[in-house]
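Enquirer: To start, I am sharing the structure in question, which I have written as structure tokens.
The values are calculated or read from the model by the stated rules, or taken from the named source; none is laboratory data. Everything numeric here is computed off the predicted structure, so don't read it as measured data. For neighbour counting, all protein chains shown are included, and Cβ atoms are generated from backbone atoms with ideal geometry for every residue, glycine included.
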Amino acid sequence: MRIIVTGGAGFIGSNFIFHMLKKYPKYRIVCLDKLTYAGNFSTLKSVMDNPNFRFVKLDICDRAGVFALFKEEKPDIVVNFAAESHVDRSIEDPGVFLQTNIIGTATLMDACRSFGIKRYHQVSTDEVYGDLPLDRPDLFFTEQTPIHTSSPYSSSKASADLLVLAYHRTYGLPVSISRCSNNYGPYHFPEKLIPLMIANALNDKPLPVYGKGENVRDWLYVEDHCKAIDLIIHKGRIGEVYNVGGHNEMKNIDIVKLICKELGKPESLITYVANRKGHDMRYAIDPTKIHNELGWLPETKFADGIKKTIQWYLDNRNWWEEIISGEYQVYYQKMYGDRK
Ligand code: NAD
Ligand code: DAU
């Protein structure tokens, strides 16, 4: 089996590559990544010498480059993780989100049409469903929940999903889509809630909580997401959408307090700052379909996953300290500098 994994130098894509190379030592895995600010070549150093792994620095919007790579590698499966993924950045500057997340997806699928493929899998997000109210804990996102987006990021991901389904119906492209809730774990870029709070707490810096910290996210350990995608590309039905989530809803403020506790840092570091524009209140996935059809269930409990994650950031300070020492400082100053 020959698989092209796009965005494999990022958080979830790299974890997926590690999972696949370990579980299927005979598969050839080609990672296609532009190495944007979010992509990190050093993340993949443990697999660079694996003869069944190849890294190619390429933009998924580069049509000629993508077609040439498909011609050369003749993939059976494409798993598209490549995306601009941070909501706050999309609010500041939507353009690149439309380019990568929509045009990039179409470019990849055009290459799949030209060279033939057994499966194109789109890694999507629960954010395409918009949000749920806090006072209706009985409501969950199912695959039938209407698309109803809030941010330029989620709108770009929803646009891509619609294109994927259109390519299936119009051209018969063998596609599948997974819509997952918030992931956490190793190699999570420190602009996102959990790694940002860990890094700031370790540096005794303020912990910037948006609004009152009451927004709820449904957290899933990244390995469980990777296992879900592995199942879908091998056994999932073509043309189908699968929701992936762990029934693990937590308020942001409770996560931040837990991180303080685990690291022995005072809660006085917590600083309430101006809310995110259009901030989604609650995400909550109903994963019944993937459980019933493919037998998937999350394996890592949050209490264990967050401990493992914090330990990883303690053991791998070089990885994130290098990131936050560079261009990230400019980003941080812009986003948090005078955010009241
Ligand atoms: P990330 O930002 O950590 O990584 C994105 C990767 O894509 C980086 O390596 C980057 O260099 C690469 N990339 C960006 N633009 C590219 C382009 N034009 N061409 C080639 N490569 C490009 O993202 P992540 O958190 O790992 O998310 C991966 C995917 O999963 C995204 O599609 C995201 O929408 C989706 N998702 C993320 C979460 C989450 O909690 N992080 C949850 C559900 C779905
Ligand atoms: O639900 C899946 C989505 O989860 C993915 O599609 C996105 O790619 C991923 O980034 C993530 O989006 P969120 O916006 O939920 O994640 P983020 O880590 O940015 O924020 C989580 C919550 O924490 C959110 O309610 C905003 C809040 N927050 C975030 C940051 C960075 C803060 O309060 N302070 C912060 O500094």
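Enquirer: Would you point out the residue of region 63-87, among those that are of a type in the set (D, E, K, R) and touching a Ser or Thr at 6+ places or on another chain (Cβ under 9 Å), that is surrounded by the most Cβ atoms within 10 Å (Cβ to Cβ)?
Expert: This residue is GLU84.
Enquirer: Got a sec? Which of ALA199, ALA228, ALA160 is part of a helix (DSSP H, G or I), in contact with a Lys or Arg (Cβ under 9 Å, 6 or more places away or on another chain) and modelled with pLDDT of 95 or more?
Expert: Exactly one residue qualifies, and that residue is ALA199.
Enquirer: Filter region 235-252 down to the residues that are at pLDDT 95 or above and surrounded by fewer than 18 Cβ atoms within 10 Å (Cβ to Cβ) and list them by number.
Expert: Once the filter is applied, which keeps residues that are at pLDDT 95 or above and surrounded by fewer than 18 Cβ atoms within 10 Å (Cβ to Cβ), region 235-252 yields LYS235, ARG237, ILE238, GLY239, GLU240, MET250, LYS251.
Enquirer: Something else: Among TYR171, TYR167, which is at pLDDT 95 or above and either more than 25 Å from MET109 (Cβ to Cβ) or crowded, with 20+ Cβ neighbours inside 10 Å (or both)?
Expert: Selected residue: TYR167, the only one of TYR171, TYR167 that is at pLDDT 95 or above and either more than 25 Å from MET109 (Cβ to Cβ) or crowded, with 20+ Cβ neighbours inside 10 Å (or both).
Enquirer: If you don't mind, another one. If the Cβ limit is 8 Å and pairs must be 6+ apart or interchain, which residue in region 245-271 that is free of Cβ contacts under 8 Å to residues at least 12 places away in the same chain and farther than 20 Å from ASP315 by Cα pairs with which residue that is charged (D, E, K, R) and more than 12 Å from ligand 2 (Cβ to nearest atom)?
Expert: Pairs found: GLU267/LYS257.
Yes or no, residue by residue, for (1) assigned to a helix (DSSP H, G or I); (2) away from ligand 2 (no atom under 16 Å from the Cβ); (3) loosely packed, with under 15 Cβ neighbours inside 10 Å; (4) not charged (D, E, K, R):
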{"residue": "TYR37", "(1), (2), (3), (4)": "no, no, no, yes"}
{"residue": "THR43", "(1), (2), (3), (4)": "yes, yes, no, yes"}
{"residue": "PHE55", "(1), (2), (3), (4)": "no, yes, no, yes"}
{"residue": "CYS61", "(1), (2), (3), (4)": "no, yes, no, yes"}
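Enquirer: Of the residues THR271, THR288, which single one is over 30 Å from HIS148 (Cβ atoms) and among the hydroxyl-bearing types (Ser, Thr, Tyr)?
Expert: Of the residues listed, the single one that is over 30 Å from HIS148 (Cβ atoms) and among the hydroxyl-bearing types (Ser, Thr, Tyr) is THR271.
Enquirer: Restricted to region 33-60, and to residues that are in contact (Cβ under 8 Å) with a residue 40 or more places away in the chain and within 6 Å of ligand 1 (Cβ to nearest atom), which residue is farthest from ILE324 (Cα to Cα)?
Expert: So the residue we want is ILE60.
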